[in-house]
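The values are calculated or read from the model by the stated rules, or taken from the named source; none is laboratory data. It should be emphasised that the depicted structure is a prediction, and the values quoted were computed from it without experimental measurement. Please note: Cβ atoms are built from the backbone with ideal geometry, for glycine as well, and neighbour counts cover all protein chains shown. We work out accessible area using only protein heavy atoms, side chains counted, and drop any ligands, DNA or RNA first. Shrake-Rupley method; radii C 1.70, N 1.55, O 1.52, S 1.80 Å.
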Amino acid sequence: MDAAIAANLALGVVAPYLCGYGGDVFAVVWDGELHGYLGSGRSPAAATIDEVRSRAQTDTMPYFGPHSVTVPGAVAGWFDLLGRWGTRSFGDLAEAALAYAEDGFELTPTGAAFLGGSVSLYDGFPALRAAYQDVEAGQTIRQPGLARTIATLAADGPDAYYQGPIGEAIVETVQSLGGVLTPEDVAAYEGRFAQPLRAPYRDVEIAELPPQTQGIAALEAMRILDGFALPEDGPGRHHLLIEASKIALEDRNEYVSDRAAMTVTPDEMLTADWIEARRARIDPEHATTPAPGEAHVGGTAYLCAADADGLLVSLIQSNFMAFGSGVHVPEWGINLNNRGASFTLDPMSVNVLAPAKIPMHTLMPAMALRDGEPTIVFGTMGGDSQAQIHVQLLAHMIDDDTDPQDALDAPRWYLQPSTWTLRAEPQFTPAWFDAMGALGHDPKRTGRIDTGTGHAHAIKRTAGGYAVATEPRAEGAALGL
């Protein structure tokens, strides 16, 4: 846990376009038993459909700006997780992050490309643009405001964030832009521990976090696929994976949100009758085209860790899309999340905006267990793609018993639920694209770098220790310390 949190704190400084101190955090942990942590906040208590429509002058939920901000959960989550499983203080673990913020770090070419592309989304947010614009690869980036945040958290703990000067500045900034966040909203924040959902697939059990996350979508897809004898890796297999993913994402959009708002329980979505009815909708020879659904894109950092005592951590942390809402708190260097953009203003939707409500989250760290013991720790960034990437990785690692690194290296695809467009990496062969087209999919090739295909990592337990794998599409690393 020390390693996972220390890495996350540093990533929040050096990759602010993927995660940070104004976002949320989720984790699955094994310490001899399985545990889950849900670290995401609620909408403001005054956030109603009419209020947002009136203030934002829109009939759709704003993707950026003050109305897309929910109370950040990451800071409390880091302290909660360390309080239960850490062996070192937040201050000790934040030393590298603090140094990167105070002294700066040299921006890599990949980082410059991500940062430059992300900043272009925020033309209406001068404070954020001033903090990050006009940077180039090789340039040293310093963030004195963020250094102040890290030092204050190390000295005073999470109360400085939720009931002290940091929280006050967050509220003032959001309100100055027309938002309705209050000090009471921030002070009321609590993360929670929750039992992960489990569902069998082949000879393993997949563990995912419950709603408010979309972990149920991966479990539903795998349960559907468990009724098929998957063909060898190729168009026939990918067709089944895609069709199962479509059904799971449809159900996610229809039923998944804040657990208190759901009318169908996660357990009901995994019953034999539910799964069999959905499995029967799959035609092994022809693609389906569901009605367009809600899209949930995003930028996120996933990481996992394991130690000599067998403690396993699957952790994911995000501001949602790139820097988040565009709301930047200059004196503290914090970019506030736009997780509230996941809400809709459609009153008929389960995920409709409401006061003090948690939106559906795409973040879904995971594990796979065999005979009651973890065998694989894994996860990815990628918004809507996360459940789909879990499906693809598990088919490789479970059905084919593929080495984790080979599974991560394999070409991937993802569906865009707003149109059900299938995008696939150019590493797939021309014959694959032709065969998928013949099945009715009309796949589109991605570019060389497309975050829709995710940044995944994995750890596999072996008789001799751990086999580790890192994402070739990202600036990841597999490290033994």
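Computed over neighbours whose Cβ is under 11 Å from that of residue 351, the net charge equals -2, Lys and Arg +1, Asp and Glu -1. Our summary gives the stretch 15-66 a relative contact order of 20 percent, counting only alpha carbon pairs under 8 angstrom and 6 or more residues apart.
Out of the stretch 45-129, which trypsin sites (Lys or Arg not before Pro) are coil in DSSP terms and have no more than 16 other C-beta atoms within 10 Å? The partial results should precede the final answer.
On the way: sites: 53, 55, 84, 88, 129; in loops: 88.
Those satisfying the criteria are 88.
The Cα atoms of the chain define a convex hull whose projected area, averaged across directions, is 20.6 nm². For residue 263, the solvent-accessible surface with a 1.4 Å probe is about 120 Å², rounded to the nearest 10. In straight-distance terms, cross-link reach from residue 460 covers every one of the aspartates and glutamates whose alpha-carbon lies under 13 Å from its own, apart from those fewer than eight places away in the same chain; here that gives 307, 373, 401, 403, 406. Take every Cα pair under 8 Å whose residues are at least 6 apart in sequence, average their separation, divide by the length of the stretch 264-414, and the relative contact order is 18 percent.
Computed with every protein chain present, the accessible area of residue 271 is close to 60 Å² [probe 1.4 Å].
Which of the peptides 255-261, 426-432 is most tightly packed, and how do the rest follow, going by the mean number of other Cβ atoms within 10 Å of each residue?
Numbers: 255-261: 19.3, 426-432: 13.4.
With the highest mean Cβ count within 10 Å placed first, the list reads 255-261, 426-432.
Per the Kirkwood formula applied to alpha carbons, the stretch 254-373 shows a radius of gyration over Rh ratio, Rg over Rh, of 1.04. Here the Karplus relation 6.51 cos²θ - 1.76 cosθ + 1.60, evaluated at θ = phi - 60°, turns the backbone of the stretch 311-318 into coupling constants of 5, 10, 10, 10, 9, 9, 8, 7 Hz, with x for every Gly and Pro. The convex hull drawn around the Cα atoms of the stretch 402-481, when projected onto a plane and averaged over every direction, covers 6.8 nm².
Sum -39500 (n - 2.57) across every DSSP H segment of at least 4 residues in the chain, then divide by the residue count to get the 222 nm mean residue ellipticity, nearest 500.
Working: 17 runs with 163 residues, N = 481.
My calculation for the chain gives -10000 deg cm²/dmol from helical runs alone.
For the listed peptides 436-442, 329-335, a ranking on the average number of other beta carbons within 10 Å per residue, highest first, reads 329-335, 436-442.
State in Å² the accessible area per residue of the chain; use a 1.4 Å probe, count heavy atoms of protein chains only, and round to the nearest integer. Can you show the working numbers first?
Working: 17860 Å² over 481 residues.
That works out to 37 Å² for each residue.
Amide H to amide H distances under 5 Å link residue 212 with 259, where only residues 5 or more positions off or on other chains count and H is placed in the peptide plane.
Each peptide in 391-400, 307-316, 138-147 receives the mean, over its residues, of other Cβ atoms within 10 Å, and ordering these scores from highest gives 391-400, 307-316, 138-147. From the square roots a ≥ b ≥ c of the eigenvalues of the alpha-carbon gyration tensor of the stretch 53-210, which class results: rounded (a/c under 1.5), prolate (a/b over b/c), or oblate? Note, shape of the stretch 53-210 comes out rounded. Computed over the chain, relative contact order equals 21 percent, with contacts defined as Cα pairs under 8 Å that lie 6+ residues apart. Taking all protein chains as shown and a probe of 1.4 angstrom, residue 171 keeps an accessible surface of around 10 Å².
Backbone amide hydrogens, once placed in the peptide plane, bring residue 421 within less than 5 Å of 416, excluding anything fewer than 5 places away on its chain.
Strictly greater than 28 Å: what percent of every Cα pair in the stretch 1-146 meets that? More than 28 Å apart: 33 percent of the Cα pairs in the stretch 1-146. Computed in the context of the full set of protein chains, the accessible area of the chain at 1.4 Å probe radius has 49% of its extent on carbon or sulfur. Along its first, second and third principal axes, ordered by size, the stretch 7-59 spans 50, 30, 16 Å in Cα coordinates. Classification of the stretch 385-429 by its C-alpha gyration tensor yields an oblate form. The axis ratio a/c (a ≥ b ≥ c) is 1.5 or more, and b/c is at least a/b.
Sort 339, 192 by heavy-atom solvent-accessible area, probe 1.4 angstrom, most to least.
Values: 339 5, 192 100 Å².
Largest to smallest exposure gives the sequence 192, 339.
Only lysines eight or more places from residue 444 in sequence, or on another chain, were considered; those with a Cα closer than 17 Å are 246.
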